[in-house]
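Down below is the structure, laid out as C-alpha cells.
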Amino acid sequence: MSETRPPFMFWAIAVVGVLWNFIGCWNYILQTNPEAVAQMPEVYRFVVENRPSWATAAFAISVYGGAVGCILMLLRRRVALALLIISLLGSIMIFYFSFRVLGIEPATASALLMSIGLVWFAQLAMRKGWLA
C-alpha cells in the first residue's frame, strides 16, 4: 500500500491522544507521591494505598503505552498500533480493578473508551496508509 498524506483530523486526534495520555502519566506520577496521595479524598487515598501491584502496573502500561503509541502515531509509525493495543489491555485491567472496588467510575470508564477509540483510529490510519 502506498503512503498517503494524512488529513488534519489525523493530526488533531493524535495530538489529543498525546495530551490525554500525558495527563494520565501526570496522574500516575501523582499517585506514586505520598504527599500528593495524602491530599486526596479518603476513598481515593484508600484505593491508591491498597491497590495491588498488578493494578498499578496496568495503570502504568495504560498511560505510558498510550503516550508512546500516540507519539509514534504522530511520527506515522506502524508500531503505534501495537503500543496502543498494549495500552488498551492495561486500561481494561485497571477498569476491571476500579469497577470491582468503586463500581463504574467516570475517570476509568472514559480512559477505557479513549483507549478503545485510539486503537480503532490507529487501525483506520493503517488501512488508509497514514502510518508507514
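What follows draws every value from the coordinates through simple rules; no lab data is involved. Given the structure is predicted, the values throughout are model-derived calculations rather than measurements. Please note: Cβ atoms are built from the backbone with ideal geometry, for glycine as well, and neighbour counts cover all protein chains shown.
Things worth noting here:
- Every residue from the range 24-67 that is under 21 Å from residue 85 (Cβ atoms) and among the small types (Gly, Ala, Ser): 24, 55, 57, 58, 60, 62, 65, 66, 67
Conditions tested, residue by residue: (1) touching a Gly at 6+ places or on another chain (Cβ under 6 Å); (2) of a type in the set (Ser, Thr, Tyr).
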| residue | (1), (2) |
| --- | --- |
| 46 | no, no |
| 83 | yes, no |
| 91 | no, yes |
| 100 | no, no |
| 115 | no, yes |
| 122 | no, no |
| 126 | no, no |
| 129 | no, no |
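- For the range 1-79, the helices (runs of 4 or more DSSP H) that sit wholly inside it and include 3 or more residues that are surrounded by 15 or more Cβ atoms within 10 Å (Cβ to Cβ) and among the aromatic types (Phe, Trp, Tyr) are 8-31.
- Residues (surrounded by fewer than 19 Cβ atoms within 10 Å (Cβ to Cβ), in a helix (DSSP H, G or I) and either within 11 Å of the chain's Cα centre (by Cα) or not charged (D, E, K, R) (or both)) located in the range 98-111: 99, 101, 102, 106, 107, 109, 110
- Scan of the range 97-121 for residues that are under 16 Å from residue 84 (Cβ atoms) and of a type outside the set (S, T, N, Q), ordered by number: 111, 112, 113, 114, 116, 117, 118, 119, 120, 121
- Count - residues of the range 112-132 that are touching a residue at least 60 places away in the same chain (Cβ under 8 Å), surrounded by fewer than 16 Cβ atoms within 10 Å (Cβ to Cβ) and in a helix (DSSP H, G or I): 1
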